[in-house]
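Following: one structure in structure tokens, then a few remarks.
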Amino acid sequence: MTIINILLAILQSNTFSAFFSGQKLIKLNEVDSTNDYLKERLSKSTPVKEGTVIMAVDQKRGRGQRGNSWVSEAGKNLTFSILLKPSFLTPDEQFYLNITISWSIVQALQPILGDRLSIKWPNDIYVDEKKLGGILIENLISGSKWKESIVGIGINVNQNHFEGLPNACSIKQLLQEEYSLTDLLYELCRRIEANYTELKTHGVSRLQTFYVQYLFGLNQVREFSINGIRVQGKIVDITRKGQLMIDFDGHTANFDFKEIVFVF
Ligand code: BTN
């Protein structure tokens, strides 16, 4: 080995060993929830390295946002969780991770699905008016320190039917052909790793620009429900804390996650 090769090897190992690429992929045939599996391992003080990925073939009790369940047919879709340790962020910067992960998923799916993709605030992945995937980020914060984040991701890949979910869709339904789960998982982790590194080194600004650019319904007049009342407004931006900014005839108001519902 020449000195150049040795230097290259050291450089590469430094670049890749610090995060995902060097970390473990744990594939479970059956589990209740990959998020809960990671949470349990952390609660037992088992050391889990940043970038560890837990993937389930058959997730029996997947959890979604707003206390909903996430149902996925065994072996057909991607259901996985990644452990992150964003100690470089403060607890009031939690939304930066939503931005980073949502944008990474859109980026990974773009070569397959193109510009029909969007991010329905705060972090649903949509193709046209249908939901292709969802993200459940659970943050473990102790005092003023943000210790760990469990980033759970569900993407509908090869499922043909969604019983009782008229709003759901899969890559197979859109392309009329199966897509490799392994290839997609690899590409998703690659994008998440790159964008997480960017967040760490350069901040959220560029990632946020992409996120807003891809917001579902951006600058379109749509119907929303606020405290059960139907209103029409235009999404114009998000705030620093990730609230949704909606313009109602020239007057802008900001909303937290539980304060507003999209009407389809
Ligand atoms: C949502 O859109 O409501 C979020 C869905 C998140 C589902 C994923 S699947 C892997 C991980 N484990 C879970 O129990 N939930 C997330």
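Among the residues of the range 131-150, just one is surrounded by fewer than 21 Cβ atoms within 10 Å (Cβ to Cβ), within 13 Å of the ligand (Cβ to nearest atom) and farther than 18 Å from E40 by Cβ, namely K131.
When the criteria are applied in full, I105 fails the requirement of being surrounded by fewer than 17 Cβ atoms within 10 Å (Cβ to Cβ) and closer than 14 Å to L184 by Cβ.
What residue, among those in the range 53-62 that are near the ligand (Cβ under 10 Å from one of its atoms) and either exposed (fewer than 12 other Cβ atoms within 10 Å of the Cβ) or closer than 20 Å to E187 by Cβ (or both), is farthest from the chain's Cα centre (by Cα)?
Filtering first and then ranking leaves R61.
Against the definition (within 23 Å of the chain's Cα centre (by Cα) and not hydrophobic (A, V, I, L, M, F, W, C)), how does T252 come out, yes or no? Before the answer, list the steps.
Numbers: within 23 Å of the chain's Cα centre (by Cα): no; not hydrophobic (A, V, I, L, M, F, W, C): yes.
Taking the combined requirement at face value, the residue does not satisfy it.
Has the range 76-95 got at least one residue that is within 13 Å of the ligand (Cβ to nearest atom) and either among the acidic types (D, E) or farther than 19 Å from Y186 by Cβ (or both)? Scanning the range 76-95 turns up no residue that is within 13 Å of the ligand (Cβ to nearest atom) and either among the acidic types (D, E) or farther than 19 Å from Y186 by Cβ (or both).
In the range 98-136, which residues are in contact with a Ser or Thr (Cβ under 6 Å, 6 or more places away or on another chain) and either of a type in the set (S, T, N, Q) or over 20 Å from L165 (Cβ atoms) (or both)?
We begin by selecting, within the range 98-136, every residue in contact with a Ser or Thr (Cβ under 6 Å, 6 or more places away or on another chain); these are 119, 123, 126.
Listed by number, the list holds a single entry, N123.
For the range 236-264, a residue qualifies if it is outside any loop (DSSP other than H, G, I, E, B), in contact (Cβ under 8 Å) with a residue 60 or more places away in the chain and either within 21 Å of N167 (Cα to Cα) or in contact with a Cys (Cβ under 7 Å, 6 or more places away or on another chain) (or both), and the qualifying residues are F257, K258, F262. Exactly one residue out of E50, E73, E30, E40 is touching a residue at least 12 places away in the same chain (Cβ under 8 Å) and either surrounded by fewer than 14 Cβ atoms within 10 Å (Cβ to Cβ) or β-branched (V, I, T) (or both), and it is E30.
If I go through the range 227-239 residue by residue, how many of them are within 19 Å of D124 (Cα to Cα) and surrounded by fewer than 18 Cβ atoms within 10 Å (Cβ to Cβ)?
Qualifying residue count, the range 227-239: 4.
For the subset of the range 210-226 comprising residues that are part of a loop (DSSP other than H, G, I, E, B) and without any contact (Cβ under 8 Å) to a residue 24 or more places away in the chain, which member is nearest to E198 (Cα to Cα)? Here the answer is N219.
Taken together, the residues in the range 101-125 that are out of contact with any Phe, Trp or Tyr (no Cβ under 6 Å at 6 or more places or on another chain) and more than 14 Å from the ligand (Cβ to nearest atom) amount to 12.
Read-outs throughout are calculated quantities, based only on the coordinates presented, and are distinct from any laboratory measurement. Quick caveat: nothing in here was measured; it's all calculated off a predicted structure. Cβ coordinates were reconstructed from backbone atoms using ideal geometry, including for glycine residues, and neighbour counts include every protein chain displayed.
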